[in-house]
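The values are calculated or read from the model by the stated rules, or taken from the named source; none is laboratory data. Since this is a predicted model, take the numbers as computed values, not measurements. Methodologically, a virtual Cβ is constructed for each residue, glycine included, from the backbone with ideal geometry; neighbour enumeration extends over all protein chains shown.
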Amino acid sequence: MDFQELLKIMEALRSEKGCPWDKEQTRESLKPFIVEEAYELIEAIDEGDPEKIKEELGDLLFQIVFQCQIAKENNEFKVSDVIEKISKKMIARHPHVFGKADYKTADEVLLHWEEQKKLEGKMRESILEGIPKTLPSLLRAHRLQKRAAGVGFDWEKVEDVLKKLDEELKEFKEALKTKRQDEIEDELGDIFFMLVNISRFIGVNPEDALRKTISKFIHRFRYIEMNAAEQGKRLSDMTLPEMDRLWDEAKGTGK
């Protein structure tokens, strides 16, 4: 089965004799599914399971085909137009591969990428434009900071970043004393933003780091739950030292 067969399946689902659910869908109604499928793909990549990656890639591809089918029904564009546009864009933005340009580093490639965007008419009043507001906050902060760092708005060494984090922590502690919720929220946001800056500075994606930590937390907490059940106890019946001991045991399993 090839890509054309997938397009035919999509057309059949949206046809007069197709699936009632599929026929009711709109661009707006499908947005949550696009996000969900993208994150399920990321989870599969994290797990390193080729079969699951293959399945989730298919689910995400189907959402793209779905959007293209709706556009075709509206006489706006076809999937072939989407493929042609991205193909031309990739060729234009990679003259070092498809032309005679000679870029030696990734930074040189990114510089050309931005210059090419300007030629394509994507002029920006600010270098911070073009980063979707709908991105998860950690990822959006990371992208914004990276843009700013690209023009020199950055620290020289990690010690300077850590010093700034200490300043933000001090301001947060002062805000706690005031008991004013708006100030506390503001200072806590500054701490999160600084932690993202640290992760960017040392080359760690904050979204990936937090996602992996969440997975560790779930594994270790489940270990506590299972051990409590084996002992015939409820978690509410266990003392904090008992749970801490099981938590340390879970850490010893390497996850």
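Tabulated results
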{"item": "Entirely in the range 49-157, the helices (runs of 4 or more DSSP H) that have 1 or more residues that are touching a residue at least 24 places away in the same chain (Cβ under 8 Å)", "result": "50-73, 79-93, 106-119, 137-150"}
{"item": "Hits in the range 67-103 - residues which are within 26 Å of the chain's Cα centre (by Cα), of a type in the set (Val, Ile, Thr) and surrounded by fewer than 12 Cβ atoms within 10 Å (Cβ to Cβ)", "result": "ILE86"}
{"item": "Among residues of the range 42-58, those that are modelled with pLDDT of 95 or more and under 17 Å from the mean Cα position of the chain (by Cα), counted", "result": "3"}
{"item": "Filter result (of a type in the set (Ser, Thr, Tyr) and not in a helix (DSSP H, G or I)) within the range 202-255", "result": "THR239, THR253"}
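The rows are residues; the columns are (1) more than 29 Å from HIS142 (Cβ to Cβ); (2) surrounded by 12 or more Cβ atoms within 10 Å (Cβ to Cβ).
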| site | (1), (2) |
| --- | --- |
| VAL161 | no, yes |
| LEU169 | no, yes |
| PHE172 | no, yes |
| ASP182 | no, no |
| GLU187 | no, yes |
| LEU195 | no, yes |
| ALA209 | no, yes |
| ARG234 | yes, no |
| MET238 | yes, yes |
